[in-house]
Amino acid sequence: MNPRSPIVLTGIAASPGFASGPLSRLDTTTASYAPKSSKAEEIEALVEAISTASAAVAGLIEGSSGESADILEFQLAMLADDTLAEPAFAAIGQGADAASAWTRALDIEIGGYEAASDDYFRARGADMRDIRDRVLRALAGTEAGPGPSGAILFGEDIAPTRFLETDWSSGGGIALSAGSSASHVAMLARSRGVPMVVGLGEALSALSGEALLDAKSGTLTAFAAADEIASHHRAATDFAAERAGAAAYLSKPARTADGTRVLTYVNVADPSDVDAIDIATCDGVGLMRSEFLFSRGLPDEETQYTAYARVLEWAQGKPVTIRTVDAGGDKPIPGFTVAEGNPFLGLRGIRLSLARAEIFRMQIRALLRAAVHGSLKVMFPMIAVASEYARAKEMFAEEAVALSARGAAHRMPPLGIMVEVPSVALAPEAFADAAFFSIGSNDLTQYVMAAARDNASVASLNDTSHPAVLRLIGEVAAFGAARGIPVSLCGEAGGDPALIPHLLRAGLRELSASPAQLAAAKATIAGVRL
Ligand code: PEP
Ligand code: MG
C-alpha cells in the first residue's frame, strides 16, 4: 500500500503502450568547462570536441537503420558543416571560451528551429540541442550514460541520441513535461514500440519513485494504489496481446468483418521512409508531406524530382499521392516564408505557394517529370476557395506546356485537394471538378473545434470524434460518393483504432495512416461490421 494518495498527470499519448517502473530523471545538468589560457587552445578544444561528438554519432549509426539512421546522419552532417561552427570560432577570436561560444552559436540555430510551429522543424530543433549538448559534454570531458533499462525516463524533453543509446529490451517508457508527438523521438518511439507521453506539464518534475505510464490514454500515475497497479498490468497485457494479433493483419488487404474492402495507404515524409515499408502491406502512399524536403532550405528541381521518383518507383505502380509544399508563415524556410502573428490562419499551404509562384512552379515541374515513374496523384494543402484550386491547376497546365517545349518527359497527374478547411467541407460543391478529395482531419479538427493541434492545454477539445467533425467528414464522403469523386482521409485519425470505426461508418473506404499505425489500423478495420 502506498502511504500517499495517487497523483495522476494527463498529457498526450505520443507512442502507445504501457510501462511501470522507477522514474529516472533525464540528465539536465550542464557540463562545466574549464576555460583554456589562449585563443589557440580554445579553438583546438572546440575542434577536438566536435570531432569526439562526430565519432560518437558515427558509432551510433553503425547498427541503426531507417529513421534512426536518418536522424543520426542529419546530426553527423550538421557536425561536419563548417558554417555551423563558424560563429563559435569567430566568438573565440573575440575572446569567448569554447563552451560559451559554441552554446551561443547553437542556441541561435535552435531558436530558429524551435520558433517554428511546424513539426519537422521543431524536430530538427531537438536534434540541434542534442548536437549542442554532446559537444559541450565532450568539451567538459563528461559523457551522459545511457538510461537505465526498464525505467520511465522523465524530464522536459529527451534527445534523440539518448533514446537510441537506451536499452529498451526490458521495457521502460518516456514521460515528458513538454515535447511533441511529432518529434523525432516520438517517431522513433512509435517505430520501436516504446510507450511515450508528452505534455504532462511542470508538475512532472516534482515526482519520484515508482510510476505507471499509460501511453494509450496519455497519463502518468505516481503513488498508485494496489488496485490501480493491478488494473494497469491487465491493460498492459491486453495491449500486448492486441499488438501481437494486429501484426497478422499487415500482410493481408484490409477488409471489414462483413467483407467491405478498405484501401489502406501510408503517410510518408522523407523519401527514405519507404525503405522500411514493404509495399505489399499497403495500397500505396496516401500522403507524402513534401515539406520535409524543404526543411533544410529550398530544394532545387532535380532534388525534388529525384525524391518523388524514388517513392514512385518503390510503389511499383500503386498510387502515390504527393502533397505540394505545406509551408506557412510559421515555418522558417529561408527565402520562402514570412513571419506572422497567427500562423495557423495565415499564409500557409497553397496560399503561400500561389504567392511565391517561382518556387511553386519549380515543384510543379519536378512533379510533372516524376509522374512518368509511376502512378502519381498530386494534391494541394489548405485549399479554402475554388479559385485557389483553379489557379494551381492552370499552373500545372502552363508548366506542362513549358516542359513539352523543352522536350522533357512528363505526365499530367490527377490533381486533387486536401479537405481540411471548414469552408471546403461545408460547401464541397465548389470543388466538383477536383480529381479527388483527401480529408486532413488534423487541421479540419483544429479549425472546427478552434483548438490548436499543438497545444497540450486544449488537447481534450482537439477531438476528431466530436459529432461536429464526424458530421462534416460524413457529408464530404457522401458528396464524393454522389458525384463520383474518390474521398480518402490522411490525418492521424486514419490510423487511430478509436476513430476508424467512426470513419468507416461515416462512409470512408480509403484511409492513410503512418507506417507504425498500419497493422493496428488494418486489425481495427477487420473488427468493424458496417
Ligand atoms: C491534416 O491536416 O490532417 C494533414 C494530414 O496534414 P498535416 O498534418 O500535414 O497538416
Ligand atoms: Mg493539414
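The values are calculated or read from the model by the stated rules, or taken from the named source; none is laboratory data. What you see is a predicted model, and the numbers here were worked out from it, not measured in a lab. Here the Cβ is made from the backbone with ideal geometry for all residues, glycine too, and neighbour counts use every protein chain on show. Remember, those area values only see protein heavy atoms, side chains included, never the ligands or the DNA or RNA. Shrake-Rupley method; radii C 1.70, N 1.55, O 1.52, S 1.80 Å.
Odds and ends about this structure:
- Restricted to segment 173-192, and to residues there that are surrounded by fewer than 24 Cβ atoms within 10 Å (Cβ to Cβ) and part of a loop (DSSP other than H, G, I, E, B), the residue that is modelled with the highest pLDDT is Ser177.
- Qualifying residue in segment 74-86 (condition: more than 17 Å from Asp130 (Cβ to Cβ), open to solvent by 40 Å² or more (accessible area, probe 1.4 Å) and modelled with pLDDT of 90 or more): yes
- Restricted to strands (runs of 3 or more DSSP E) entirely inside segment 342-447, no element has at least 2 residues that are more than 16 Å from ligand 1 (Cβ to nearest atom) and at pLDDT below 95.
Per-residue answers, yes or no, for (1) open to solvent by 10 Å² or more (accessible area, probe 1.4 Å); (2) under 23 Å from the mean Cα position of the chain (by Cα):
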{"residue": "Ala151", "(1), (2)": "no, no"}
{"residue": "Val194", "(1), (2)": "no, yes"}
{"residue": "Glu202", "(1), (2)": "yes, no"}
{"residue": "Thr219", "(1), (2)": "yes, yes"}
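- Any chance Ser295 is within 23 Å of Gly440 (Cβ to Cβ) and of a type in the set (S, T, N, Q): yes
- Pairs meeting the criteria (first residue in segment 411-431 and of a type in the set (D, E, K, R), second residue part of a helix (DSSP H, G or I) and within 16 Å of ligand 1 (Cβ to nearest atom), beta carbons under 7 Å, at least 6 apart or on different chains) are Glu420/Asp443; Glu420/Leu444.
- The residue that is modelled with the lowest pLDDT, among those in segment 311-341 that are crowded, with 17+ Cβ neighbours inside 10 Å and among the aliphatic types (A, V, I, L, M), is Ile333.
- Pairs are defined by a Cβ separation below 9 Å, a sequence spacing of at least 6 or placement on different chains, a first member in segment 76-89 that is over 22 Å from Ile61 (Cβ atoms), and a second member that is outside any helix (DSSP H, G or I) and open to solvent by less than 50 Å² (accessible area, probe 1.4 Å); the pairs so defined are Ala88/Ala96.
- Residue tally, condition open to solvent by 10 Å² or more (accessible area, probe 1.4 Å) and either over 21 Å from Glu398 (Cα atoms) or within 16 Å of ligand 2 (Cβ to nearest atom) (or both), over segment 410-427: 5
- Segment 92-102 - residue that is surrounded by fewer than 20 Cβ atoms within 10 Å (Cβ to Cβ) and part of a helix (DSSP H, G or I) and, of those, farthest from the chain's Cα centre (by Cα): Gly93
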